[in-house]
Amino acid sequence: MSVVEHTELAQRRELRTELPGPKSRALSERRAAVVASGVASTMPVYVARAGGGVIEDVDGNTLIDLGSGIAVTSVGNSDARVVAGVQEQVADFTHTCFMISPYEEYVAVAEKLAELTPGDHAKKSALFNSGAEAVENAIKVARYATGRTAVVAVDHAYHGRTNLTMALTAKAMPYKLGFGPFASDIYRVPTSYPFRDPDGMTGEQAAQRAIAAAEKTIGADQIAAVIIEPIQGEGGFIVPAPGFLSAMANWCTANGIVFIADEVQSGFARTGSWFASDHEGVVPDLVTTAKGIAGGLPLAAVTGRAELMDAVHAGGLGGTYGGNPVACAAALGAIETMAADGLLERATHIEDLVKARLRTLAETTPEIGDIRGRGAMLAIEIVKPGTKEPDAARTAAVAKKCHEQGVVILTCGTYGNVIRLLPPLVISDELLGEGLDVLTEAFAS
């Protein structure tokens, strides 16, 4: 299957120097003097250009991108429609602040969100800058609309790095350690994790386990919102068992609780549907989006039932840069490319191609405990052979070997033992196959 390449970069892996090369090493020295050590980078190579399925560094090395800037550049790093929209908008104006002098681009993005997010009910949106900011505001809306304060998240969740979203996030290191105290009235219940749940546990049973914990420790009438990633991201690309999400959503509806789907990483064609909630037929009350929405520019949104979004008083939602016109122009271009170039179908094709390769690899690789995911949001959970004990060291070693060979691969998981694959949806089959060849060789080493 071929795709249209919106880049002049040659779509091939080519290593001209060791990694990192001399120019990247020089930049690392400059960085060490002025950039905070708390800001880390997976690969110490500095980017000169990127597009399609490759990244070119300042030393002329071309790397295969299987990370998409953490699920951001689904349409590639330099999509033609995104570039054209941004250039035109920059020439018109860069900023007025929508809360002061509004503009059409914000409205057009909200119209697209109303069209594409799950459900056919009346919807409204508010635009922000980052996924964490979207989550914060979704919680604000839920608390205001319900008059309740308790918020329920689940095990292995990741929702951001602000104080409130750190409270919602499960994993301490590196996201939470030393940064407390955190926002109050946040509670955590079990989720559905098929690889680690008791054998035979269904999605409905996992939901009842979570509901029982929430009712016992909090009380349904105290809960403003339940927030869940339909496919968990940083927690390990965990796809819940069928029926889990719908059972949780139904319980929320029955008890006046706002069901929030955090689609920051899974949204916008990444999983083969516009949103991961679509796979389960779940219609959330609120949806948070960011990452893939704008082809690499900072934009995020809360979209939800009109009566919920309109509950908040005028001025209660917003921000100086929220829904910046340049980012909105990028989003309109990215969404057009996803629809016009068949990227939802492309994500499904990527899933079929990658899972077939990974299943073959697993036949001779006993440390592969699980292969999971949807669309181009795929993962390998690595364990000690013959057990389900996480093997973070082996995971790191495989990722390092891929990095040395010029393939950008990311890890994740509560236990640090998951390799995640997030290729741009515009990557060619040939380039993707070569990246998987390198991954296969890394497991063999």
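Every read-out reported here was derived from the displayed coordinates using simple, explicitly stated rules and does not represent laboratory data. Values in this document were obtained by computation on a predicted structure and should not be read as measured data. No Cβ is skipped: glycine too gets one built from the backbone with ideal geometry, and neighbour counts run over all protein chains shown.
Across A210, A220, A356, mean-square fluctuation computed from a Gaussian network of the chain (C-alpha pairs under 10 Å connected) peaks at A356.
Taking all Cα pairs closer than 8 Å and separated by 6 or more residues, the relative contact order of the chain comes to 22 percent. A simple count of charges around F237, restricted to other residues whose Cβ falls under 15 Å of its Cβ and scoring Lys, Arg +1 and Asp, Glu -1, yields 0. A straight chain from A306 to E115 at 0.36 nm per residue would run longer than the Cα-Cα distance by 67.4 nm. Summing charges over neighbours of D185, with a neighbour being any other residue whose Cβ is under 15 Å away from its Cβ, gives +2 when K and R count +1 and D and E count -1. By its C-alpha gyration tensor, with a ≥ b ≥ c as the square roots of the eigenvalues, how is the range 216-260 shaped: rounded for a/c under 1.5, else prolate for a/b larger than b/c, else oblate? Judged from the Cα gyration tensor, the range 216-260 comes out prolate (a/c at least 1.5, a/b above b/c). In sequence order, the range 87-98 has phi-based couplings of 4, 5, 5, 4, 5, 7, 5, 9, 6, 9, 6, 4 Hz under the Karplus curve 6.51 cos²θ - 1.76 cosθ + 1.60, θ = phi - 60°, and Gly or Pro positions carry x.
Charge tally for A300 (other residues, Cβ to Cβ under 12 Å; Lys, Arg +1; Asp, Glu -1): -3.
Going by a ≥ b ≥ c, the root eigenvalues of the Cα gyration tensor, does the range 145-223 fall in the rounded group (a/c under 1.5), the prolate group (a/b larger than b/c) or the oblate group? Cα axes put the range 145-223 in the oblate bin. Among L332, L245, a tally of other beta-carbon atoms within 10 Å of each Cβ gives an order, fewest to most, of L332, L245. Rounded, prolate or oblate, given the Cα gyration tensor of the chain, with a/c below 1.5 counting as rounded? Here the chain falls in the oblate category.
Stretching the chain fully between D352 and K176 yields a gain of 59.8 nm (0.36 nm per residue, less the alpha carbon separation). Pairs over the 32 Å Cα-Cα cut-off, from the set K140/K216; K140/K171; K124/K388; K216/K388: K124/K388. Shown in residue order for the range 31-43 are the 3J(HN,Hα) couplings computed by the Karplus curve 6.51 cos²θ - 1.76 cosθ + 1.60 at θ = phi - 60°: 4, 4, 7, 10, 9, 4, 5, x, 8, 9, 10, 5, 10 Hz (x for Gly and Pro).
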